[in-house]
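Q: Structure in structure tokens, see below.
Quick note: the coordinates plus some simple rules give every number you see, no bench work behind them. Computed from a prediction, not measured in an experiment: that's the story for all the values here. Note that each Cβ is placed from the backbone with ideal geometry, even for glycine, and that neighbours are counted across all protein chains shown.
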Amino acid sequence: GAVVSQHPSWVICKSGTSVKIECRSLDFQATTMFWYRQFPKQSLMLMATSNEGSKATYEQGVEKDKFLINHASLTLSTLTVTSAHPEDSSFYICSAMTGRGTNEKLFFGSGTQLSVL
Amino acid sequence: DAKTTQPPSMDCAEGRAANLPCNHSTISGNEYVYWYRQIHSQGPQYIIHGLKNNETNEMASLIITEDRKSSTLILPHATLRDTAVYYCIVGNGNKLVFGAGTILRVKS
């Protein structure tokens, strides 16, 4: 299947700093990528839809100034957690759409575990 | 997006078939049924999807009822490595919204 690469796998940072997470589609172009967040023992929660060349669309309750999304190319979307605080500690996962019509499906990255001290 | 209902957990003996049910009574005509699974601390893995016909691939089979209000994911010969959270999602491929899923425990 298609490969979505996410980096880094885990990151520890100090409170108040910013952290950037990269999501790349390795063998296909993705005009749309999605960012999810997952807290321990909970399901994935969709944060935003990242659109190549345009602004991201955020889900209700997600602060766009807190979670900056940039989708500058067809193979790369980045999520920057700005001024991170301990409550931002979570598992962040990206996904990208591939295929057309009946073969359309999402593939997910391996996730990034963020720990804010 | 239509919502889905899955049992919170299921057990299955190693080597036996695992049958995971999903109810999606409000599914609309152009929405697909997708199944993903997530092993601890990893991203979700695509398993299979379908619109109205039954589907089979190297991982699993998907049985969708004629009225499309429910479906069953079948892992024909479960192994210990199939222990995971299984998510049934309906949508058009874009913007998939995850429910709570089913924790499948495969036991030896």
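Q: Would you mind giving the three semi-axes, in whole Å and largest first, of the ellipsoid equivalent to chain A according to its Cα gyration tensor? It would help to have the intermediate numbers written out before the result.
A: Values: eigenvalues 111, 41, 34 Å².
Whole-Å semi-axes of the equivalent ellipsoid: 24, 14, 13.
Q: Next up: Find out how many positive minus negative residues lie around B:Gly15, taking Lys and Arg as positive, Asp and Glu as negative, among other residues whose Cβ is under 15 Å from that of B:Gly15.
A: My count for the surroundings of B:Gly15 gives +1.
Q: While we're looking at this one, here's another question. Given the options A:Val19, A:Val62, A:Val81, state which has the largest fluctuation in a GNM of chain A using a 10 Å cut-off (strictly under) for Cα springs.
A: A:Val62
Q: Longest span of chain A, sites excluded, free of trypsin sites (Lys or Arg not before Pro) in DSSP loop with at most 13 other C-beta atoms within 10 Å?
A: It runs A:65-99.
Q: Still on this structure, please answer the following. Measure up B:Lys69/B:Lys95; A:Lys55/B:Lys95; A:Lys20/A:Lys41; B:Lys69/B:Lys107; B:Lys52/B:Lys107; A:Lys20/B:Lys3 against 22 Å on the Cα-Cα distance and list the ones that go over. Don't jump to the answer; show the numbers that get you there.
A: Numbers: B:Lys69/B:Lys95 20 Å; A:Lys55/B:Lys95 16 Å; A:Lys20/A:Lys41 24 Å; B:Lys69/B:Lys107 30 Å; B:Lys52/B:Lys107 32 Å; A:Lys20/B:Lys3 32 Å.
Long pairs (Cα-Cα over 22 Å): A:Lys20/A:Lys41; B:Lys69/B:Lys107; B:Lys52/B:Lys107; A:Lys20/B:Lys3.
Q: Please give the Cα centre distance for the range B:40-57 versus the range B:69-89, rounded to the nearest Å.
A: 9 Å
Q: Right, something else. Taking only C-alpha pairs under 8 Å that are 6+ residues apart, what is the relative contact order of chain B in percent?
A: Values: 270 pairs, mean separation 41.0, N = 108.
Normalised by residue count, the contact order of chain B is 38 percent.
Q: Kindly identify chain B as rounded, prolate or oblate by the Cα gyration tensor criterion: order the square roots of the eigenvalues as a ≥ b ≥ c, call it rounded if a/c is under 1.5, otherwise compare a/b with b/c, prolate if a/b is larger, else oblate.
A: prolate
Q: Around B:Asn53, under 13 Å between beta carbons, what's the net of Lys plus Arg minus Asp minus Glu among the other residues?
A: Result for the neighbourhood of B:Asn53: 0.
Q: If you don't mind, another one. Given a 10 angstrom Cα cut-off, can you work out which residue in B:Ile64, B:Ile39, B:Ile47 is the most mobile in a GNM of chain B?
A: In the Gaussian network model the winner is B:Ile39.
Q: Moving on. Can you tell me, using C-alpha contacts under 8 Å and at least 6 residues apart, the relative contact order of chain A as a whole percent?
A: 36 percent
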